[in-house]
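Following: one structure in structure tokens, then a few remarks.
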Amino acid sequence: MEKGWDSTTLGDDEMGEMEESITIRMGTEDVRIMDDFMVESGVKSRSRFIRDAIIGYISLQKQSADSAGNGIFVRFREVQMEAIRLMVEQGYAFDSEEYIRNCVMEKLVDKNSEREHADLAFKAAQKASMMK
């Protein structure tokens, strides 16, 4: 037993590198969610899925550390993601990130303030246009 997990050497993977077996425990609901996602995504192997998930998680953490706190990670339920996808598909936003950013901005900036800033920006643009 090493560092809190079980690990035993298995053999070579498809790249010819040594592979190790790692035992993990998951709740029944988590396994069901994973299996459902795998079916939807066409992933055939739990091992491949978990390897890809770990690599993706590490990459995301490194990217997050590199961006020095300029991002936030939020998990949505499947139905919420589908609704956002449909909003993007219908042209309400360029992509899901823009849609979510717009939703947050609607909560942070009240309509009067937004209107005032838009009016000031337009007046400044008119003046700049006249000076050309």
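Values quoted throughout were computed directly from the atomic coordinates according to the rules given, and no laboratory measurement underlies them. The shown structure was predicted, so the numbers you read here are calculated from the model rather than taken from an experiment. For neighbour counting, all protein chains shown are included, and Cβ atoms are generated from backbone atoms with ideal geometry for every residue, glycine included.
For this structure, a couple of remarks:
- Cα lying deepest toward the dipole's positive end in the range 74-132, options ALA83, PHE94, MET105, charges on Cβ: MET105
- Semi-axes of the equivalent ellipsoid for the range 28-132, Cα gyration tensor, largest first, Å: 41, 18, 13
- When SER47, SER41 are arranged by Cβ crowding within 10 Å, least crowded first, meaning fewest neighbours, the order is SER41, SER47.
- Within the same chain, lysines fewer than 8 places from LYS107 are excluded, and of the rest, those with a Cα less than 27 Å from its Cα are LYS123.
- By the count of other C-beta atoms within 10 Å, a proxy for reagent exposure, PHE94, PHE73, PHE37 are ordered fewest to most as PHE73, PHE94, PHE37.
- Intensity falloff of the range 74-132 expressed as log10 I(q)/I(0), Debye formula with alpha-carbon point scatterers, at q = 0.27 Å⁻¹: -1.02
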